[in-house]
Amino acid sequence: MTYSQRLERQSRELEETARQLRLANTRLTEISAQKDAFLSQVSHELRTPMTSVRSFAEILRDTPDLDAAHTRRFLKIIHDESERLTRLLDEILDLSFLESGRMSWRRDEVSLTEVIDRALASTEGLRDGTNIVIHRDRASEDVIVTADFDRLAQVFINLLSNAVKYGKADAPEIRIAVTRFGGKVHVDVSDNGPGIPMHDSERVFEKFARLGEITLAGGAGLGLPISREIIHNLGGSLDLLPVPVGATFRVTLPVSETASLSARA
Ligand code: ADP
C-alpha cells in the first residue's frame with residue numbers, strides 16, 4: 001500500500017469514528033432530554049398529592065375547633081393521598097428498575113390459569129359492590145409459559161383493574177380469553193366500557209398518559225408502561241386491539257417449550 005493510500009484509509013477511518021461519536025452524542029443528548037422530561041413529570045405528579053396533604057394538615061393544625069365530620073373527612077383525604085404517593089413512588093421505582101435492566105427475574109414454568117386465578121382474586125375487592133360479570137374463555141388445556149409468576153400476575157392485575165376502573169357500562173362485563181396457536185398464546189382482557197380511540201392506542205402505553213378526567217381512583221398513568229415493559233422482558237408483546245365495543249388488551253407470550261401441564265402431571 002502506498003503512502004497516499006494509507007493516508008486515505010486512515011482519513012476514512014477517522015471520518016467513520018467521528019460519525020460514530022456524533023451519533024453517540026446525539027443519542028446521549030436524547031437520553032438526557034428524556035430523563036429531564038421524566039424527572040419534571042415525576043416532580044409534577046408528586047407535587048399534587050403532597051400539596052393536598054400539606055394543605056389539609058395545615059387546616060387541621062390551624063382550626064382547633066373544627067367539627068368531627070370535617071376532621072374525619074380531611075384525615076381521610078390525607079390518608080388517601082399518602083397512599084397514592086406511596087403507590088406512585090412504588091410504580092416509579094418499578095419502572096426505573098425495569099427500564100434499566102436492574103430488576104431480578106425468576107424464570108419458572110408458570111401456569112397461565114394459575115396466574116389469571118391470582119389476578120382475579122387480587123382484584124376481587126375492587127369489584128365488590130359492582131355488577132360486573134366475568135367471563136373466562138379458557139384454552140382447551142392449560143398453557144405454560146416461562147415467566148416470573150408475580151410479575152406476570154401484576155400485568156393481569158393491572159389490566160383487570162383498568163377494565164373495572166375505566167370500563168364503565170350499564171351491564172359491565174369483563175372477558176378473559178386465552179387462545180393458543182402454535183408456539184404462542186394470546187390472553188385478551190376485554191371490557192364493554194367506552195373504550196379507547198385507536199389514535200390513542202400507542203399513547204396509553206406512554207408514561208403518565210391519562211386519557212379521561214383525572215380522579216383519585218385513577219392511577220398515575222404508569223400501569224400500562226410497566227405492564228408492557230414486563231411483557232417485553234418475557235419475550236412477548238402487549239397491545240391494544242381495534243375492537244368495535246369497549247377496550248381489549250392483548251398479551252402475547254411464547255409458550256414454554258420445555259413444559260406442558262400433561263408433562264408435569
Ligand atoms: P393508570 O395507572 O392511570 O390507570 P394506565 O397506564 O394503566 O394508568 O392507563 C393509562 C390510561 O389509559 C388510563 O388513565 C385510562 O385513561 C386509559 N385506559 C386504560 N385502560 C382502559 C380501559 N380498559 N378502558 C378505557 N380507558 C383505559
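Read-outs: derived from the displayed coordinates by stated rules, not from any lab. The structure displayed is predicted, hence computed values, not measured ones. Note: ideal-geometry Cβ built from the backbone for every residue, glycine included; neighbour counts use all protein chains shown.
Put simply, the Cα atoms of region 121-245 extend 40, 31, 29 Å along their principal axes, the longest span coming first. The antiparallel fraction among DSSP beta bridges confined to the chain stands at about 85%. Above 13 Å lies some portion of the pair distances; for region 95-135, what is it as a whole percent of all C-alpha pairs? Of all Cα-Cα distances in region 95-135, 69 percent exceed 13 Å. Per residue, the chain reaches -18500 deg cm²/dmol at 222 nm when only DSSP H runs of four or more residues are counted, each adding -39500 (n - 2.57). Packing, as the average of other Cβ atoms within 10 Å across residues, places the peptides 22-28, 38-44, 50-56 in the order 50-56, 38-44, 22-28, highest first. Dividing the C-alpha radius of gyration of region 84-157 by 2.2 N^0.38 Å, with N its residue count, gives 1.33.
Panel note: the C-alpha atoms of region 48-189, placed on their principal axes, show extents of 68, 43, 18 Å (largest first). Taking springs between alpha-carbon atoms closer than 10 angstrom, which of GLU30, GLU45, GLU16 fluctuates most in the Gaussian network model of the chain? Looking only at GLU30, GLU45, GLU16, the biggest GNM fluctuation is shown by GLU16. Using the Cβ-Cβ distance between ALA121 and ASP36 with R0 set to 45 Å, the FRET efficiency works out to roughly 0.65. Taking the inverse of the mean 1/r over every pair of distinct Cα atoms in the chain gives a Kirkwood hydrodynamic radius of 21.8 Å.
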